[in-house]
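Step one of this worksheet: look at the structure below.
The values are calculated or read from the model by the stated rules, or taken from the named source; none is laboratory data. Everything numeric in this text was worked out from a predicted model, so none of it was measured. Reconstructed Cβ throughout: ideal geometry from the backbone, glycine too, with neighbour counts over all protein chains shown. Only protein heavy atoms, including side chains, enter the accessible area calculation; ligands, DNA and RNA are left aside. Shrake-Rupley method; radii C 1.70, N 1.55, O 1.52, S 1.80 Å.
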Amino acid sequence: MTHPFDPASPAGPTIPADSPPIAVLIVDDHPVVRAGLRALLSTSGRLAVVGEAENGERALELLRSLSVDVVLMDLQMGAGMDGVTATRRIRAAGGPPVLILTTYDTDRDIVRAVEAGAAGYLLKDAPPADLIDAVVTASRGETALAPRVAGRLMTRLQSPHAQLTDRELAVVEAVARGLSNRAAAKELFISEATVKTHLVHVFEKLGVDSRTAAVAAARDAGLIR
């Protein structure tokens, strides 16, 4: 399998000279980011941006009328449909490969995106050439992961430690934002007693004995942002 970041292939993946450009749909809630990506991809000579969307809902609408080879998807998009949900719906409907481009590299974000069917996961600080090569790779139905992301996935798979459940992670994230048990319970629509129970389990799994230590351990492990 060709990997866009394989140092043994410095030229990156190629496409035949007589092939039409790869059609890309950019999905990001920041106009400046979309404009920058459009300029970068359009000058590559291999890619053509055929549409832009500010959230997942708009992306799904555009895919009904556009011919797209690869969707370049942000993860968090304000109040709109997030990237993971949009990716899952696109892939479930038999849509084009989705390449995640985001600033977040926590284990939870990466795993959720991969489980949703993302063909690749890159960070926004990736070199332009790597991004272009990743889009070409994704268009072929192959996987394109930034080295740091691939490393996190391998570490998670090989880790002997118990992983936190989605609900436990939500509780830790609430605590990390400074919420009390009562406030966390209200936000997550569970009882305060349930929050305490989740925290007990979190303490046991992470080998800590306080809320502060749990947040620090979760961040160090890449479980939360």
Would you point out the residue of the stretch 35-80, among those that are in a loop (DSSP other than H, G, I, E, B), more than 16 Å from ASP133 (Cβ to Cβ) and charged (D, E, K, R), that is least open to solvent (accessible area, probe 1.4 Å)? ASP74
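What helices (runs of 4 or more DSSP H), lying completely within the stretch 82-143, carry at least 2 residues that are in contact with a Leu (Cβ under 8 Å, 6 or more places away or on another chain) and modelled with pLDDT under 90?
Details: elements: 83-92, 107-115, 128-139.
Output list reads 107-115.
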Any residue that is open to solvent by 60 Å² or more (accessible area, probe 1.4 Å) and either at pLDDT 95 or above or aromatic (Phe, Trp, Tyr) (or both) - is there at least one of those in the stretch 4-22? no
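Could you please find all residues in the stretch 184-225 being assigned to a helix (DSSP H, G or I) and of a type in the set (Ser, Thr, Tyr)? Please lay out each step first, then the result.
Of the residues in the stretch 184-225, the ones assigned to a helix (DSSP H, G or I) are 184-188, 192-206, 211-220.
Result: THR194, THR197, THR212.
Would you check if LEU153 is open to solvent by 40 Å² or more (accessible area, probe 1.4 Å), at pLDDT below 80 and either in a helix (DSSP H, G or I) or farther than 21 Å from ASP82 by Cβ (or both)? Outline the logic, then answer.
On the way: open to solvent by 40 Å² or more (accessible area, probe 1.4 Å): no; at pLDDT below 80: yes; either in a helix (DSSP H, G or I) or farther than 21 Å from ASP82 by Cβ (or both): yes.
So LEU153 fails the test.
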Considering only residues that are under 9 Å from the mean Cα position of the chain (by Cα) and either open to solvent by less than 10 Å² (accessible area, probe 1.4 Å) or hydroxyl-bearing (Ser, Thr, Tyr) (or both), look in the stretch 81-105 and name the one that is farthest from LEU169 (Cα to Cα). LEU99
With the structure loaded, tell me whether LEU40 is modelled with pLDDT of 95 or more and of a type outside the set (Val, Ile, Thr) or whether it fails that test. no
Matching entry among ALA218, ALA214, ALA146 (being surrounded by 15 or more Cβ atoms within 10 Å (Cβ to Cβ), closer than 29 Å to ILE26 by Cα and at pLDDT below 90): ALA146
Provide a single number: the residues in the stretch 106-132 that are in contact with a Pro (Cβ under 7 Å, 6 or more places away or on another chain) and open to solvent by less than 10 Å² (accessible area, probe 1.4 Å). 0
Scanning the stretch 132-143 for residues that are touching a helix residue (DSSP H, G or I) at 6+ places or on another chain (Cβ under 8 Å) and under 13 Å from MET73 (Cβ atoms) gives VAL135
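For the stretch 167-191, give me the residue count where each residue is open to solvent by 70 Å² or more (accessible area, probe 1.4 Å) and in contact with a helix residue (DSSP H, G or I) (Cβ under 8 Å, 6 or more places away or on another chain). Outline the logic, then answer.
Filtering the stretch 167-191 down to residues open to solvent by 70 Å² or more (accessible area, probe 1.4 Å) leaves 167, 177, 182, 186-187, 189.
Filter once more, so that each one left must be in contact with a helix residue (DSSP H, G or I) (Cβ under 8 Å, 6 or more places away or on another chain): 167, 182, 187.
Going through the stretch 167-191 one residue at a time, the tally reaches 3.
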Within the stretch 52-81, considering residues that are touching a Lys or Arg at 6+ places or on another chain (Cβ under 9 Å) and of a type outside the set (A, V, I, L, M), the one modelled with the lowest pLDDT: GLY80
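Can you find a residue that is open to solvent by less than 30 Å² (accessible area, probe 1.4 Å), free of Cβ contacts under 8 Å to residues at least 12 places away in the same chain and among the aliphatic types (A, V, I, L, M) anywhere in the stretch 192-206? First the steps, then the outcome.
The initial filter retains those residues of the stretch 192-206 that are open to solvent by less than 30 Å² (accessible area, probe 1.4 Å), namely 195, 199, 202.
Still in the running and free of Cβ contacts under 8 Å to residues at least 12 places away in the same chain: none.
The answer is no; no qualifying residue exists.
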